[in-house]
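**Q** To start, I am sharing the structure in question, which I have written as structure tokens.
Every read-out reported here was derived from the displayed coordinates using simple, explicitly stated rules and does not represent laboratory data. Remember, predicted model here, so these are calculated numbers, not experimental data. Note that each Cβ is placed from the backbone with ideal geometry, even for glycine, and that neighbours are counted across all protein chains shown.
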Amino acid sequence: MLTPIERFFSSGLRLSHLRLLVALADLKQVTKVAAAFNVTQPTVSKQIGEIEQALGAAVTERVGKAVFLTDVGAVLARRGREILRQVGLAQKDVASLVTGTAGRVTLGSVTAVPPSFISQSIMSFLTRAPAASVEFVEAPLDELLEMLRIGEIDLVLARARGKDDPTLVTETLYSEPFVFVSGPSHALSHGRSVTVKDLKEFMWLVPQQGSPSYVALAHLMEAEGLNIDDSCVESSSIALNVELMARGPFVSILPLSHATEYAARGRLSLMNTPSLTQLGEVVLYRRADLDSRAPMLLGECIREEAVSNLPGISSDLTS
């Protein structure tokens with residue numbers, strides 16, 4: 001004869017139970033969970049009661065208006081989060097098998113990866129998989145990697161490797177340095193040799209704090225006894241930065257491909273100063289368990305685009 005716990009896991013547990021517990025772990029209020037699922041609070045309370053009655057153990061406890069998971073509830077939420085992710089992956093796999101290389105692929109990228117590289121990779125993918133669709137997300141690296149871990153994104157393009165994570169696989173696609181830039185009429189834009197200390201008196205456009213680009217720039221400035229926080233605008237928008245440099249005495253850093261493209265249009269100038277090779281890598285991230293056909297095909301197209309069209313290619317494509 002089955003115990004209540006065995007009976008619950010063999011026939012009583014539903015995916016809706018797991019979604020509810022994961023939402024409670026994240027939101028910690030029944031009202032917020034009800035709103036998230038577009039149901040009434042009594043419906044949420046009823047489902048919690050069903051789980052507790054079937055298990056013979058409490059999964060939640062109230063502290064004021066907040067609802068916290070018990071140890072039992074926390075275990076179910078933690079395991080449930082992974083189960084739901086695997087179900088989502090299974091859904092993508094089945095769709096690919098039934099329809100061929102189809103379905104929706106989500107690609108994320110930081111702003112510093114060249115749009116021309118991304119667009120060519122996507123076009124190559126859509127040529128091979130005309131039934132597929134692509135969603136593109138641009139955000140800071142830490143946000144993208146968190147979305148990748150929980151299955152909201154399939155692939156991520158970045159300008160640097162993050163901390164080691166056994167759940168993620170990284171591949172270096174190619175190398176491209178960052179260079180120092182300014183507006184075309186800037187006092188330092190006339191071809192003479194410029195040192196980092198020459199930049200001290202000007203306003204800086206800096207990447208978002210905590211990003212690999214910001215950290216590399218800050219280390220370089222600190223080595224010269226300078227502080228980029230003294231006079232700066234923090235912006236991750238390349239288009240905005242180019243406009244600000246055209247209108248004021250700002251200096252900044254850009255990937256070489258972006259800088260040469262805008263310089264050819266007469267929008268900015270490359271300074272005659274050493275480049276930032278610490279930010280040379282363009283990296284592709286994916287989950288270690290990724291095996292869906294469509295995302296894997298997009299990854300292949302990205303690698304092929306890196307090898308065929310971009311200079312300074314690294315051979316590290318299999319790590």
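**Q** Only residues of the range 125-161 count here: report those whose backbone N is under 14 Å from the spot 7 Å along Cα→Cβ of Val169, or say none.
**A** From the range 125-161, the list is 155-156.
**Q** Further question on the same structure: Run the numbers on the range 4-84 and let me know its relative contact order in percent, using alpha-carbon pairs under 8 Å that are six or more apart.
**A** 38 percent
**Q** Which far-off residues, 5 or more places away or on another chain, put their amide H under 5 Å from the one on Val283, with H placed in the peptide plane?
**A** Ala158, Arg159, Ala160, Leu173
**Q** Further, regarding this structure: What is the antiparallel percent of DSSP beta bridges lying wholly in the range 178-279, to the nearest 5? Could the numbers behind the result be given before it?
**A** Details: 8 of 14 bridges.
DSSP beta bridges in the range 178-279 are roughly 55 percent antiparallel.
**Q** Also: Does the range 178-279 classify as rounded, prolate or oblate by the C-alpha gyration tensor (a ≥ b ≥ c root eigenvalues; a/c under 1.5 gives rounded; else a/b over b/c gives prolate, otherwise oblate)? List each step's numbers first, then the result.
**A** On the way: a/c = 1.40, a/b = 1.24, b/c = 1.13.
Judged from the Cα gyration tensor, the range 178-279 comes out rounded (a/c under 1.5).
**Q** Also, I was wondering about something else. Where nothing but the Cβ of Lys and Arg (+1) and of Asp and Glu (-1) is charged, how large is the charge dipole of the range 4-84 around its Cα centre, in debye to the nearest 20? Write down the numbers at each step before the final one.
**A** On the way: 11 positive and 7 negative charges, 47 e Å.
Value, rounded to 20: 220 debye.
**Q** Using only Cα atoms, find the angle between the long axis of helix 15-27 and the longest principal axis of the chain, and express it within 0 to 90 degrees, rounded to the nearest 10.
**A** Helix 15-27 sits at roughly 50 degrees to that axis.
**Q** Enumerate the calculated ³J(HN,Hα) couplings along the range 30-43 in order (Karplus 6.51 cos²θ - 1.76 cosθ + 1.60, θ = phi - 60°), each rounded to whole Hz, writing x wherever the residue is Gly or Pro.
**A** Coupling constants for the range 30-43: 4, 4, 5, 5, 4, 5, 5, 9, 6, 10, 7, 4, x, 5 Hz.
**Q** Rounding to the nearest 10 and keeping the result within 0 to 90°, find how far the Cα-based axis of helix 71-99 lies from the longest principal axis of the chain.
**A** In the chain, helix 71-99 runs at an angle near 70 degrees to the longest axis.
**Q** Something else: About its Cα centre, what dipole magnitude does the range 131-225 give when the only charges are +1 on Lys and Arg Cβ and -1 on Asp and Glu Cβ, stated in debye to the nearest 20?
**A** That gives the range 131-225 a dipole magnitude of about 500 debye.
**Q** Antiparallel versus total DSSP beta bridges in the chain: what percent is that, nearest 5?
**A** Rounded to the nearest five, the antiparallel share is 60 percent.
**Q** Suppose every Lys and Arg Cβ carries +1 and every Asp and Glu Cβ carries -1, with no other charges. What dipole size does the chain come out with about its Cα centre, to the nearest 20 debye? Walk me through the numbers before you get to the answer.
**A** Working: 29 positive and 35 negative charges, 178 e Å.
Dipole about the Cα centre, nearest 20: 860 debye.
**Q** With unit charges on the beta carbons (Lys and Arg positive, Asp and Glu negative) and the dipole taken about the Cα centre of the chain, which residue among Thr40, Ala246, Tyr214 sits farthest to the positive side?
**A** Checked the options; the winner is Thr40.
**Q** Would you grab the residues whose amide H sits under 5 Å from the one on Thr60? Only those 5+ places off in sequence or on another chain, please, with H modelled 1.01 Å from N.
**A** The answer is Thr70.
**Q** Give me a comma-separated list of calculated 3J(HN,Hα) values for the range 125-140, in order, Karplus coefficients 6.51, -1.76, 1.60 applied at θ = phi - 60°, integers in Hz, x for any Gly or Pro.
**A** Taking θ as phi minus 60°, the curve returns 5, 5, 5, 7, 10, x, 8, 8, 9, 10, 10, 10, 10, 10, 6, x Hz for the range 125-140.
**Q** May I ask you to order 176-182, 284-290, 156-162 by the average number of other C-beta atoms within 10 Å around their residues, highest value first?
**A** On the way: 176-182: 23.3, 284-290: 17.9, 156-162: 21.0.
For the peptides 176-182, 284-290, 156-162, the packing ranking is 176-182, 156-162, 284-290.
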